[in-house]
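Written out below as structure tokens is the structure these notes cover.
The values are calculated or read from the model by the stated rules, or taken from the named source; none is laboratory data. Not measured: the values here are computed from a predicted model. Backbone-built Cβ (ideal geometry, glycine too); neighbour counts: all protein chains shown. Side chains are part of the model used for accessible areas, which takes the heavy atoms of the whole protein and leaves out ligands, DNA and RNA. Shrake-Rupley method; radii C 1.70, N 1.55, O 1.52, S 1.80 Å.
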Amino acid sequence: MRYAVLVTGPAGAGKSTFSNALMTHLQTSKRTGHLVNLDPAANSDAFEYEPAIDIRDLISLEDVMSELNYGPNGGLVYCFEYLLENMDWLEEELGNYEDDYLIFDCPGQIELYTHHPFLPTLVRNLQRLGIRTCGTYLIESQFMEDKYKFFSGVLSAMSAMVNLEIPWINIMSKMDLVTTNVEDSGSGRNGIRSRKDISRFLEPDPLLLVSAPGSREEKSERHSKFHSLNRAIVQLIEDHPLVSFLPLNLTEPDSIETVLSHIDYTMQYGEDEEPKEPQDLDEGDFADME
């Protein structure tokens, strides 16, 4: 059984860094993982591990922009359309891997996950090949500094979940840049927050969008042209509590292990594997005991 993890999210969320860390953790755990690059605009310097499969071997954004005079967004859409027209190339590349973990590092244009049919079509092709697939969506802890930006991220994560229709895990990345220690404020570039406050973001509390009754912010928001929109968003999140986040701190191995264990669980990793019988005592691993 093969397993695929789609690493998605907006640009700058830490997708490539997370993919590299996941590869390192798999190797440390004596598990086999392979990196698949689906970003035709990727910089090779961003990869700590050489991609086993690279879309740039099929088509690159640089070639599309120079030969067809497309802009970055149009060129990226063209690259994915070209990939879907040449799925036999990807199937041939994937055919060399059995019983392996495939980590798909995806581009940072969120419209690919929320609007276009490219990734849902790709997912259906992976499932047709018998590959169990899971999606992850990363937003960075910097989003907690702006409640409106944060809920924009929540809604985009929700849209991606609904669009792809696969087991899904949302991740709050760069949690090492958030601190609960007032005496060590320098380590928390993304703010000093209590654990209770952080939990309101990990399990998104829609009331974060609503200021305290009677406060100056509440009075100004009441007369804001966005007041009704904010109330509608609050109601939407309350009615459809689909999104929650796992905190990810890449400086702590336990944090990576927690995220990986959730990914394993959603894909039922290893449940269909046959147990491996030990070799005879006079052979293989036990020969030195005689």
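With contacts defined as alpha carbon pairs under 8 Å and 6 or more residues apart, what's the relative contact order of the stretch 53-192 in percent?
About 18 percent, as a whole number.
Express the accessible area of the stretch 48-100 per residue in Å², computed with a 1.4 Å probe while the remaining protein chains stay in the model. Here the per-residue accessible area is 59 Å². By a 1.4 Å probe calculation restricted to protein chains, Thr251 has an accessible surface near 100 Å², given to the nearest 10. Per-atom-type breakdown for the stretch 1-133 gives carbon and sulfur 44% of the accessible area (1.4 Å probe, protein chains only). A DSSP coil position with no more than 14 other Cβ atoms inside 10 Å describes the following GluC sites (Glu not before Pro) in the stretch 39-84: Glu48.
Provide the FRET efficiency to the nearest 0.05 for the Glu271-His115 pair, computing r from the beta carbons and using R0 = 30 Å. About 0.30, to the nearest 0.05.
Evaluate E = 1/(1 + (r/R0)^6) for Gln235 and Ser159, where r is the Cβ-Cβ distance and R0 equals 22 Å; express this FRET efficiency to the nearest 0.05.
That gives a FRET efficiency of 0.85.
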